[in-house]
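Quick notes on the structure that follows.
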Amino acid sequence: MKKHLPARQFRETKKTFQASKQNGFVTSVNARIIHGWLDVKTPFHKWIQRRIEKYGFDEHIDYCLTVDKIVRGEEINYHCTPDMIKQLSMIESSEMGRLARLYFIDCETIAIEKQAQ
């Protein structure tokens, strides 16, 4: 049987991928959170635009934009479906991207084990 991520690391990773919820429905995950967690060196706006173009994500299906006021003006935020966030994290070729892939593999393994019981 495959070894799972250590429990502490699994729990910490899970917190990163938790979506916002409204009235019990999953709504979105802010892509800035994942960008920071993945420790991407490319500036956020370039990174997200490149990923959207390369992987064919669609506005109003995979993500929606908000313009939020900040001290120095405005900031565009991308609120993504959990599936889009999962894809973004799994394609990143960093150590945290590897950890994300292991996390999702573990989630699938745990689900299969529970189903078999």
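Assorted remarks:
- Hits in segment 24-70 (condition: in contact with a strand residue (DSSP E or B) (Cβ under 7 Å, 6 or more places away or on another chain) and among the small types (Gly, Ala, Ser)): Ser28, Ala31
- Among the conditions (1) open to solvent by less than 40 Å² (accessible area, probe 1.4 Å); (2) not in a helix (DSSP H, G or I), the only one that Asp68 does not satisfy is (1).
- Test for Ile61: is it farther than 17 Å from Leu38 by Cβ, assigned to a strand (DSSP E or B), aliphatic (A, V, I, L, M) and open to solvent by 70 Å² or more (accessible area, probe 1.4 Å): no
- Residue count, segment 78-117 (criterion: within 11 Å of the chain's Cα centre (by Cα), charged (D, E, K, R) and open to solvent by less than 50 Å² (accessible area, probe 1.4 Å)): 1
The values are calculated or read from the model by the stated rules, or taken from the named source; none is laboratory data. Every value quoted in this text rests on a predicted model; they were computed, and no experiment measured them. Note that we place each Cβ from the backbone using ideal geometry, even for glycine, and neighbour counts take in every protein chain shown. Accessible surface areas use protein heavy atoms only, side chains included; no ligands, DNA or RNA. Shrake-Rupley method; radii C 1.70, N 1.55, O 1.52, S 1.80 Å.
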